[in-house]
1. Got a number for residues in segment 186-203 being closer than 20 Å to S229 by Cβ and not in a strand (DSSP E or B)?
2. Hey, among K9, K19, K77, which residue is surrounded by 20 or more Cβ atoms within 10 Å (Cβ to Cβ) and not small (G, A, S)?
3. Starting from segment 144-155, keep only residues that are of a type in the set (D, E), then list their pairs with residues that are assigned to a helix (DSSP H, G or I) and modelled with pLDDT of 95 or more whose Cβ atoms are within a distance under 7 Å, requiring at least 6 positions of separation or different chains.
4. Name the residue, out of G66, G83, G61, G44, that is more than 16 Å from ligand 2 (Cβ to nearest atom) and crowded, with 19+ Cβ neighbours inside 10 Å.
5. Quick one: M97 ticks every box in (1) surrounded by 13 or more Cβ atoms within 10 Å (Cβ to Cβ); (2) closer than 30 Å to M116 by Cα; (3) free of Cβ contacts under 8 Å to residues at least 12 places away in the same chain except a single one, so which number is it?
6. From the list I224, I197, I258, I191, which one is more than 26 Å from L22 (Cβ to Cβ) and not hydroxyl-bearing (S, T, Y)?
7. Could you list, in sequence order, all residues of segment 210-262 that are out of contact with any strand residue (DSSP E or B) (no Cβ under 9 Å at 6 or more places or on another chain), buried (at least 16 other Cβ atoms within 10 Å of the Cβ) and among the polar types (S, T, N, Q)?
Amino acid sequence: MLKLSHISKTFNPGTVNEKKALTDLSLHLRQGDFVTIIGSNGAGKSTLFNAVAGSFFTDAGSIELGGRDITFQPEFKRARVIGRLFQDPMRGSAPGMTIEENLALAAGSGGWFSHMTKRDRERFRDRLALLEMGLEDRMRQPVGLLSGGQRQALTLLMATMVPPQLLLLDEHTAALDPGTAEKVLKITRQIVEENRITTMMVTHNMKQALDLGNRTLMMDSGKIVLDVSGEERAGMTVDDLLERFRAGAGKVLDNDRILLSD
Ligand SMILES: Nc1ncnc2c1ncn2[C@@H]1O[C@H](COP(=O)(O)OP(=O)(O)OP(=O)(O)O)[C@@H](O)[C@H]1O
Ligand SMILES: [Mg+2]
């Protein structure tokens with residue numbers, strides 16, 4: 001469903017700041033795959049997401065999504081079918097607009113939010129209640145008043161209101177306090193599994209990387225150095241994972257935010 005074939009990206013080529021961020025990377029995801037991604041700082045995880053989302057065109061290789069070649073499709077077009085969350089909860093929602101207006105925009109159905117129907121509101125209320133954060137009773141408040149965790153949870157709802165073909169989560173719980181992160185993660189799992197959304201999630205939490213999803217990729221220096229799934233993954237501990245990374249990358253996993261347990 002997502003097929004990356006030999007993609008490469010070098011930043012600032014031919015200068016002293018030249019940086020090969022992705023090197024001849026190939027990856028094939030099946031429909032419904034939920035892939036977790038770990039890697040050292042600067043390994044190219046966010047760059048991989050940028051390449052898939054179309055933030056830039058790759059220097060080489062091709063990208064296929066849902067059977068369509070999107071290698072040279074602009075970012076705004078891909079955004080219709082690719083949902084994305086970042087570490088920063090301030091991204092992805094409009095602070096000056098209310099919760100229900102944000103959801104109406106994300107739902108995209110009834111056009112502009114002034115046409116929001118009673119049914120739309122009921123649907124939004126039900127979705128918000130899933131978060132167990134009390135947001136269903138604050139639908140007419142501006143999003144700017146929400147805490148980071150509440151806002152990130154809302155962004156997740158918005159990104160999946162119309163289930164995307166592909167969901168990219170780039171350390172989307174890293175900036176949240178542990179309790180809130182746990183909640184957002186739980187709802188992530190629920191939404192992704194219920195809708196069978198093909199998902200890639202970057203995390204620095206090793207336990208999360210093994211607990212969630214059906215496949216784990218490890219990146220280093222712009223490459224995928226390990227790809228585990230199935231039985232091999234099912235029996236894996238955090239220590240095994242780190243050892244496998246060391247063996248695959250030839251060095252220890254070095255991420256300044258690395259978490260070995262919850
Ligand atoms: N727009 C850019 N211009 C120049 N260099 C860039 C750009 N984006 C990323 N890089 C470089 O590419 C490399 C990969 O960066 P990337 O952000 O993908 O790493 P990452 O794996 O997401 O790391 P982290 O765990 O710290 O988020 C880094 O050396 C980074 O400095
Ligand atoms: Mg990153």
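The values are calculated or read from the model by the stated rules, or taken from the named source; none is laboratory data. No experiment lies behind these values; they were computed from the predicted model shown. Note that we place each Cβ from the backbone using ideal geometry, even for glycine, and neighbour counts take in every protein chain shown.
1. Within segment 186-203, the first condition is being closer than 20 Å to S229 by Cβ, and the residues that meet it are 188-189, 192-193, 196-203.
Still in the running and not in a strand (DSSP E or B): 188-189, 192-193, 196-197, 203.
Count: 7.
2. Details: K19 fails: surrounded by 20 or more Cβ atoms within 10 Å (Cβ to Cβ); K77 fails: surrounded by 20 or more Cβ atoms within 10 Å (Cβ to Cβ).
None of the other options fit; the residue is K9.
3. Nothing qualifies.
4. Working: G66 fails: crowded, with 19+ Cβ neighbours inside 10 Å; G61 fails: crowded, with 19+ Cβ neighbours inside 10 Å; G44 fails: more than 16 Å from ligand 2 (Cβ to nearest atom).
Every option except G83 fails the conditions.
5. M97 satisfies all of (1) surrounded by 13 or more Cβ atoms within 10 Å (Cβ to Cβ); (2) closer than 30 Å to M116 by Cα; (3) free of Cβ contacts under 8 Å to residues at least 12 places away in the same chain except (3).
6. On the way: I224 fails: more than 26 Å from L22 (Cβ to Cβ); I197 fails: more than 26 Å from L22 (Cβ to Cβ); I258 fails: more than 26 Å from L22 (Cβ to Cβ).
Criteria check complete, one pass: I191.
7. none
So that you can scan it fast, the table gives a plain yes or no per residue for (1) away from ligand 1 (no atom under 14 Å from the Cβ); (2) aliphatic (A, V, I, L, M); (3) part of a helix (DSSP H, G or I):
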site: T15; (1), (2), (3): no, no, no
site: K20; (1), (2), (3): no, no, no
site: S46; (1), (2), (3): no, no, yes
site: F56; (1), (2), (3): no, no, no
site: Q73; (1), (2), (3): yes, no, no
site: F76; (1), (2), (3): yes, no, yes
site: G96; (1), (2), (3): yes, no, no
